[in-house]
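Trainee: So that we are looking at the same thing, I have put the structure below in C-alpha cells.
Where a number appears in this text, it was derived from the coordinates with a stated rule and is not lab data. This is a predicted model, so every value here is computed, not measured. Because the Cβ atoms are built from the backbone with ideal geometry, glycine has one as well, and the counts that use them run over all protein chains shown.
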Ligand SMILES: [Zn+2]
C-alpha cells in the first residue's frame with residue numbers, strides 16, 4: 001500500500017497578492033427608490049487594494065427602468081447577515097501566535113477604530129487567538145492583511161455555509 005501524498009492545505013487567501021481586491025456579493029429584492037416596485041438590488045462588499053472596505057449597491061428597476069447606485073462604508077446588518085448565510089463566514093486564523101497579544105490588540109484597534117475600549121480589544125484579541133473571530137471574507141481578509149503587515153502569520157479562511 002503506497003502512501004498518498006498529503007492533501008493540500010485548505011484554501012485560504014494567503015496566496016493572493018497583497019494588492020488584490022476581495023469581494024463578497026448578494027442579490028436581494030427591495031423597493032425601487034423611484035416607483036416603489038420591488039426589484040433586484042445587487043450589493044457588493046469590497047476590500048480595496050488600499051485596505052478600505054466599501055459597500056456598493058446598484059439596481060435597475062424592471063418596472064420603470066430607473067437606475068440606482070449607492071456606496072457606503074458598511075453593509076446594513078441585514079445584508080451582512082445575508083452574505084454570511086449565502087457564502088459562509090471567513091475565520092481569522094493565527095498560524096503562529098505571537099508571544100503576547102499586545103501586537104494583535106494594536107492591529108485590532110488600528111483597524112476597527114480607536115473607540116474600541118481596551119477591555120474589548122483584549123477580549124477580541126483573545127477570540128482571535130482562539131480562532132473565534134470571523135466575519136465576511138473582505139472583513140476578515142482586512143484583519144489578516146493588517147496582522148501580516150505587523151509580522152503575524154495570519155490568514156482568512158472560508159468556513160463553508162451550513163446547509
Ligand atoms: Zn422603479
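Trainee: What ranking do 78, 58 get, fewest neighbouring Cβ atoms within 10 angstrom at the top?
Mentor: Least crowded to most crowded, the residues run 78, 58.
Trainee: Stretch residue 132-residue 50 to full length: gain in nm at 0.36 nm per residue minus the Cα-Cα span?
Mentor: On the way: separation 82, 0.36 × 82 = 29.52 nm, distance 2.61 nm.
Full-extension gain reported as 26.9 nm.
Trainee: May I pose another question? Return the distance in nm (one decimal) between the two label points of a simple spin-label model at residue 34 and residue 67, each offset 7 Å from Cα along Cα→Cβ.
Mentor: In this crude label model, residue 34 to residue 67 measures out at 1.1 nm.
Trainee: While we're here: Could you give the C-alpha radius of gyration of segment 90-158 expressed as a fraction of 2.2 N^0.38 Å, taking N as the number of residues it contains?
Mentor: Segment 90-158 yields a ratio of 0.96.
Trainee: Express the relative contact order of segment 60-163 as a whole percentage, based on alpha carbon pairs under 8 Å and six or more residues apart in sequence.
Mentor: For segment 60-163, the relative contact order is 41 percent.
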